[in-house]
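Have a look at this one before I ask anything.
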Amino acid sequence: MALMVLLAFLLGAGIVLGLYYSSTQLPGLMAQRRLQNRLLEMSKPADDKDDAGAGLVKDTHEGPLPALDKLVGGTARGVTLAAWVQQSGAKISLSGLVLIALGVGGLVAMLFTMALRSPFAMPIGFAIGFAVPFVVLRIKRRRRLNAFEELFPEALDLIARALKAGHAFATGLKMAADEMQEPVGPEFRKTFDEQNFGLPLKDALQNLTERIPILDVRFFSTAVLIQRETGGNLSEILENLAHVVRERFKILRQVRVYTAHGRLTGYVLLALPAFLAIALMFINPDHMQLLFREHMGHVMLASAAVMQFVGYIWIKQVIKIEV
């Protein structure tokens, strides 16, 4: 027991020191490294032909551990994770995300070990803690995409008005990039810069649909490309698309009102066992301690957690209506 407490203390102290070092030292070291690289580029002779063409390749390994960035980014899951990071707007590298996940996993594993005092607590706690940063990243990604979808009709109306005023489509993109707020403005800014620097409009719009995997953005890209090939009133097409998006949001809000009772029921059923467990801890502590001391209690707690999770997913799927 003493050895376990000592290991938990050392693990916690290491995590705290590592986080402190990362927050205080790494930013300065990375800034100094970028400055040195910039000075090296400025002092390099103009006729130096070594590594010709290397400057044409974009360097994406900007995290604290470039080797880990390269290792994770070379896998299929790493590519998906990198897309999630870009779509969430998080200013973090793959290696930084993995290091944070490892740190949180170690901290939660230590807390689980100290609370449950079970040999199975450490791996379960580490798995839960390791998954927390990725869950947060997924939630942030979803919120950013939802915010984009909410503001997207206004951007379409702005581009349509610019076209009616006689401006080119690229000018409309620039106006949307300048006038719209995050996340619509920066994404349209990237699209405008790409096609302004020579990338074909088709490829620039394709990149937009990859960065923002929303069906409405795909409709927008398809409509623009078809209009450029066949002709037509693009401003009217964009206005109709904005109207369709707004009407869909209106129906979606009505659906959320109709399913509010089911969602509230799911939240209540999910929170009720935890609330009763906390209440019984104060009312009859000896009775509740059996769940944490005995092996059968551990099995019952795990079974209850699994059934709660399955029940919540079941209710969520029942009230889920695609619009």
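Only the coordinates and a few stated rules stand behind these numbers; no lab work does. Computed from a prediction, not measured in an experiment: that's the story for all the values here. Ideal geometry is used to build each Cβ from the backbone, glycine not excepted, and the neighbour counts take in all protein chains shown.
Once phi is turned into ³J(HN,Hα) by the Karplus curve 6.51 cos²θ - 1.76 cosθ + 1.60 with θ = phi - 60°, what whole-Hz value does each residue of segment 185-195 show in order, with x for glycine and proline?
Per residue, the Karplus-derived 3J(HN,Hα) values read x, x, 5, 5, 5, 4, 5, 5, 5, 4, 6 Hz.
Which entries in Lys250/Lys316; Lys91/Lys140; Lys70/Lys91; Lys91/Lys190; Lys70/Lys190 show an alpha-carbon gap greater than 19 Å?
Over 19 Å apart, Cα to Cα: Lys250/Lys316; Lys70/Lys190.
Classify segment 259-318: rounded, prolate or oblate, from the alpha-carbon gyration tensor (a ≥ b ≥ c, eigenvalue square roots; a/c under 1.5 rounded; otherwise prolate if a/b is larger than b/c)?
oblate
Pull out the extension gain between Lys91 and Ala170, defined as 0.36 nm times the separation in residues minus the alpha carbon to alpha carbon distance; nm, one decimal.
Length gained between Lys91 and Ala170: 25.6 nm.
While we're looking at this one, here's another question. Let's test the formula: R0 of 25 Å, r as the Cβ-Cβ distance of Ser303 and Ala260. What FRET efficiency results, to the nearest 0.05?
Calculated transfer efficiency: 0.25.
Counting other Cβ atoms within 10 Å, keep those with at most 11, restrict to DSSP loop, and tell me which trypsin sites (Lys or Arg not before Pro) in segment 233-323 are left.
Lys320
With Cβ to Cβ distances under 13 Å as the rule, what net charge do the other residues near Arg293 carry (K, R +1; D, E -1)?
Surrounding charge for Arg293 is -1.
Let me ask something else. Spelling out what I want: for every residue of segment 148-164, take phi, set θ = phi - 60°, compute 6.51 cos²θ - 1.76 cosθ + 1.60 (Karplus), and round to whole Hz; glycine and proline get x.
4, 5, 5, 8, 4, x, 5, 5, 5, 5, 5, 5, 5, 5, 5, 5, 5
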